[in-house]
Amino acid sequence: MKKTMAMLLMSITVTVSAYAQQQKNHNFEVAKNLDIFNNIYKGLDLMYVDTLNPQDVIGNGIRAMLRSLDPYTEYYPEEKTKDLKLMLTGKYAGIGSIIRWHQKLKTSVIDEPYEGMPAALVGLKKGDIILSIDNLDMRGKDNKYVSDHLKGTAGTSFVLKVKRPSTGKNLKFNITRQNIKEADIPYYGMLDDGIAYINFRSYTDGCARNVRKAFLELKAKGANKLVFDLRENGGGSVQEAVDIINLWVPKQTLIIKQKGKLAQANHDYVTRLEPVDTIMPIVVLVSGMTASSSEITCGALQDLDRAIVLGTRTYGKGLVQAPIDMPYNGSLKLTTGKYYIPSGRCIQAVNYKHSGGGYLESIPDSLTRVFHTRNGREVRDGGGIKPDVEVKPDTLPNIAVYIDRLDSNEVMFDYVAEYVAAHKGIAPAREYRVSDQEFDEFKQRLVASGFNYDPESGKALGELEKLARFEGYYDDAKAEFEALRKKLKHDVVRDIEKEKATLKEMLERDIVTAYYYQAGGIENSIPYDKQLKEAVRLLNNMEEYEKLLNISNK
């Protein structure tokens with residue numbers, strides 16, 4: 001026994017000694033490399049042919065160091081801490097409107113005022129050309145420059161001068177900036193058959209209260225099923241995500257285990273309140289843009305068999321960040337750990353540790369591990385959340401992508417701005433439809449503008465022709481290439497008619513948004529939403545719903 005104890009003590013001593021030596025070597029390497037960096041900069045500052053800008057040179061060094069870690073660890077100097085604050089809170093002080101660069105006019109214009117915000121309240125309209133802010137000329141200035149001058153301290157006022165294209169008149173507006181918080185729930189409402197729909201976009205401060213309020217309001221209207229839409233939600237506050245999950249799962253349910261290098265980075269997130277509803281059937285809509293706290297929400301609901309996840313595989317962000325104060329009023333958004341959802345899995349899709357900071361090493365499905373939901377269903381770690389039901393959205397045709405690009409064509413934007421100026425009102429958002437006559441007017445404008453686009457099939461044929469020439473096959477196949485080129489040559493008028501349904505849908509959404517804001521645009525798109533339709537179908541088939549959750553075998 002004494003011999004065993006002696007050997008154990010010796011083993012512990014050796015381990016502690018090895019760790020101490022390792023730590024000593026690490027500390028030495030840190031001190032050495034910091035000293036090298038310091039002396040390199042001193043030498044550059046003393047002898048380099050040009051005068052150095054320390055903010056740029058050292059700033060580049062800091063950014064390069066952080067890029068070698070992961071894409072979420074970022075340094076914000078004092079002048080950029082407002083960007084971090086906006087990311088964390090979703091709040092800023094300004095007029096509450098999207099502005100955009102108008103390629104033809106070479107200046108910024110009002111695109112989409114937010115409902116109830118200063119821009120909408122004073123009467124700014126889509127298409128208004130921004131001329132000046134407090135007599136400072138904005139014509140020709142880029143969007144960021146104009147945006148920075150529209151933002152400021154809440155409560156401050158300024159004079160905005162714009163030109164309204166529909167009348168040709170210059171207008172002046174006295175605007176008082178206020179705190180703007182982008183809507184975390186741009187739309188919620190009732191669908192058919194007692195199905196509620198909540199479109200949720202961001203996990204900012206207080207959003208769980210808003211989701212709770214919307215859910216209770218929909219229940220009061222008779223909702224007995226729910227579609228919770230997270231498809232464009234990039235995440236945010238972890239605690240808000242836990243509180244939202246708490247609406248539908250019991251109190252004291254473990255949602256996340258967060259683990260990091262330091263003890264203070266380790267934390268268990270448990271639901272704190274009594275739930276609102278633990279039995280209502282739920283379908284959560286997800287996409288490749290569903291990330292971070294959104295993945296915690298859909299992943300936890302999947303692990304607890306509380307909802308069916310429908311859509312496409314999510315982004316795969318299983319890392320947690322925390323803001324840390326830095327000297328001279330800077331901030332560091334630092335990755336402090338990973339999170340693990342109820343089944344015990346981490347859904348991080350990229351192995352940054354082994355990719356040298358290049359963010360290249362995606363974890364293949366073959367290397368992911370199997371975990372199990374509360375009802376015993378198989379789920380896997382790595383690669384984001386794989387939906388229980390995969391439904392891919394309809395893809396935009398090539399011509400629609402080009403028409404929708406902000407930097408290539410203003411025909412749709414100008415058409416909508418003029419339409420709004422000519423029509424005092426339109427039908428309710430869900431009912432409004434662009435008439436064939438209105439679409440023909442838009443088509444004529446598009447063709448008259450000289451609009452063109454690159455057909456992808458033509459590009460592919462060009463690459464194939466190059467390869468055929470290189471390999472010596474082209475001369476024998478020349479006639480076939482010429483015939484195919486003629487068939488693939490696009491006709492804008494024909495292609496517009498071919499994709500009329502999709503283009504009408506885009507035009508309708510833009511027009512409705514101009515009248516009924518973001519909420520109206522979402523409501524108008526509901527009848528066209530392929531994934532939402534499948535969610536509704538599933539909720540109307542309880543036998544299939546319960547089979548997917550393995551409820552009958554629980």
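Things worth noting here:
- GLN321 open to solvent by 30 Å² or more (accessible area, probe 1.4 Å), part of a strand (DSSP E or B) and out of contact with any His (no Cβ under 9 Å at 6 or more places or on another chain): yes
- Qualifying positions in the stretch 236-266 - in contact with a Cys (Cβ under 8 Å, 6 or more places away or on another chain) and either open to solvent by less than 10 Å² (accessible area, probe 1.4 Å) or outside any helix (DSSP H, G or I) (or both): GLY236, SER237, ILE244
- In the stretch 116-175, the residues that are open to solvent by less than 70 Å² (accessible area, probe 1.4 Å), in contact with a Gly (Cβ under 6 Å, 6 or more places away or on another chain) and farther than 25 Å from HIS423 by Cβ: LEU150
- Selection from the stretch 267-318 of residues that are among the acidic types (Asp, Glu), buried (at least 21 other Cβ atoms within 10 Å of the Cβ) and closer than 17 Å to LYS251 by Cα: ASP303
- Candidate set from the stretch 530-545 (those that are open to solvent by 20 Å² or more (accessible area, probe 1.4 Å) and touching a residue at least 60 places away in the same chain (Cβ under 8 Å)); member that is farthest from the chain's Cα centre (by Cα): MET542
- Taking the conditions (1) touching a Leu at 6+ places or on another chain (Cβ under 8 Å); (2) of a type outside the set (A, V, I, L, M, F, W, C); (3) under 30 Å from GLY337 (Cα atoms); (4) open to solvent by 40 Å² or more (accessible area, probe 1.4 Å) in turn, TYR76 satisfies each one other than (4).
- Pairs linking a residue in the stretch 490-515 that is closer than 23 Å to SER97 by Cα to a residue that is hydroxyl-bearing (Ser, Thr, Tyr) and in a loop (DSSP other than H, G, I, E, B), with Cβ atoms under 9 Å and 6 or more positions apart or on different chains, are GLU508/TYR432; ILE511/TYR432; VAL512/TYR432; TYR515/TYR432.
- The sole residue among ILE279, ILE296 that is out of contact with any Asp or Glu (no Cβ under 6 Å at 6 or more places or on another chain), under 30 Å from ASP529 (Cα atoms), free of Cβ contacts under 8 Å to residues at least 12 places away in the same chain and not polar (S, T, N, Q) is ILE279.
Yes/no per residue for (1) part of a helix (DSSP H, G or I); (2) in contact with a Phe, Trp or Tyr (Cβ under 7 Å, 6 or more places away or on another chain); (3) of a type in the set (A, V, I, L, M, F, W, C):
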site	(1), (2), (3)
ASP56	yes, no, no
ASN60	yes, no, no
ALA64	yes, no, yes
ASP70	no, yes, no
GLU79	yes, no, no
LYS85	yes, no, no
ALA93	no, no, yes
ILE99	no, no, yes
LEU105	no, no, yes
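The values are calculated or read from the model by the stated rules, or taken from the named source; none is laboratory data. As the structure is a computational prediction, the values presented were derived from the model and not from experiment. All Cβ positions, even for glycine, are placed from backbone atoms using ideal geometry, and neighbour counts span all protein chains on display. In case anyone asks, the SASA skips ligands and DNA or RNA and just uses the protein heavy atoms, side chains included. Shrake-Rupley method; radii C 1.70, N 1.55, O 1.52, S 1.80 Å.
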